[in-house]
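Visitor: So that we are looking at the same thing, I have put the structure below in structure tokens.
The values are calculated or read from the model by the stated rules, or taken from the named source; none is laboratory data. Everything numeric in this text was worked out from a predicted model, so none of it was measured. Using ideal geometry, Cβ is built from the backbone for each residue, glycine included, and neighbour counts are taken over all protein chains shown.
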Amino acid sequence: MSVDPSPIPAEPPLEGARAREAQRATWVSVGTNLVLTVLQIVVGLLAHAQSLVADGMHTLSDLLGDFLVMYASRHGAVPADERHPYGHGRYETAASMVLGLVLAGVGAGFLVTAAGRLQTLDALPEIHPMALWMSLLTLAAKEGLFRFMMAVAERLRSPMLVANAWHARADAASSLVVAVGIGGSLLGYRFLEPLAAALVGFMILRMGLMLAYEALGELIDTGIPPEEAGAMRETVLHTSGVLGVHELRTRRMAHRILVDVHVRVPARISVSEGHRVAELVRQRLCAAHADVLDVLVHVDSDEDERSAQAPALPDRTQLEQELRLALGLSGPMPVVLHYLGDRVDAELILPPEVLFDPVEKARLLERVRTLKGLHSHFGEVALGCRIAP
């Protein structure tokens, strides 16, 4: 078969380097959120801007998310062990789900708070203009943090960092709500803050539910998109020695993919050649698809479909016994068996002096004919010998 000439993508970063880069990005987020938390709360108290104080407390909650990300990133990079043979990548998945649920909770909180403010517009306090500048500074910082975190997440293909980046975007949205609310309050349009808070709260709630849903899909072993699976199938089909592919199954583990695939090979090849074909399939999938972590290849012969519908055939022990009794042989007798649908073909390796004796050879051939008459599960029975060089 021809080999797929398409270029092989570059390998993803090593797990250790990937974890260190994720840690550095998260520490940037931690430092930014810590500074903003202090400034928002202090300025909010001095300017009598309760919304800015609340946004500062929201930023403080992000610090907990950052530490959760660092914990998951560190443990996700731990090598495979006896209890976790596929590694610890799903620490990231669990962290993505937690962050998604946090986003959903924050969005729901905005909706509830907005409803309360719409009912108490006259009770909203007068706000100092200093609060507006602080909210705009926070908005710019959070949007910049989002873009930085998203760039790192896409380079590392980390859903956990994607979730944390969107958490920063949710914070930017909340800061926008605060800025609009403070600006509207300064201009006399006090209803703008709770109305915008309700809209952004819905957006944050939706984003959190989507992130949690994607993480849940990975935890329940949802397969990759059909177009990606189709590309993998083509890679397998273009591997030398493969006659067909069926039952290609995939599941994700954080940014990597685990693959199970059944391949059909010629029925008469040796076990070692079949293993070689399987190893070629694994190597080509890992090389051509950079996200693939591991591949489990099950080798089927091109006669397996007929075998599934045929009556049960005897095992090797019974077949060797039938051959010895029918042919009258007692010494060493290497036998190669081929299970082909509803029959078994046998190749016997005999000493050269037996096959080179015309009388003995004729006797064996007659016994072979008798054997096939007595045992219908035998198909072709071939006699051969090995001659050392």
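Visitor: Consider Ala168 carefully, then state whether it is in the same structural domain as Glu214 (by TED's automatic domain parsing), touching a Leu at 6+ places or on another chain (Cβ under 6 Å) and closer than 17 Å to Trp27 by Cα.
Guide: yes
Visitor: Let me ask something else about it. Just to be sure, is Asp221 surrounded by fewer than 20 Cβ atoms within 10 Å (Cβ to Cβ) and in a loop (DSSP other than H, G, I, E, B)? Explain how you work it out, then say what you get.
Guide: On the way: surrounded by fewer than 20 Cβ atoms within 10 Å (Cβ to Cβ): yes; in a loop (DSSP other than H, G, I, E, B): yes.
Criteria met by Asp221.
Visitor: Does at least one position in segment 121-131 carry a residue that is in a helix (DSSP H, G or I), under 41 Å from the mean Cα position of the chain (by Cα) and at pLDDT 85 or above?
Guide: No, the conditions are met nowhere in segment 121-131.
Yes or no, residue by residue, for (1) part of a helix (DSSP H, G or I); (2) at pLDDT 80 or above; (3) under 29 Å from Glu218 (Cα atoms):
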position: Ala104; (1), (2), (3): yes, yes, yes
position: Trp133; (1), (2), (3): yes, yes, no
position: Lys142; (1), (2), (3): yes, yes, yes
position: Met150; (1), (2), (3): yes, yes, yes
position: Asn164; (1), (2), (3): yes, no, yes
position: Ala168; (1), (2), (3): yes, no, yes
position: Leu186; (1), (2), (3): yes, yes, no
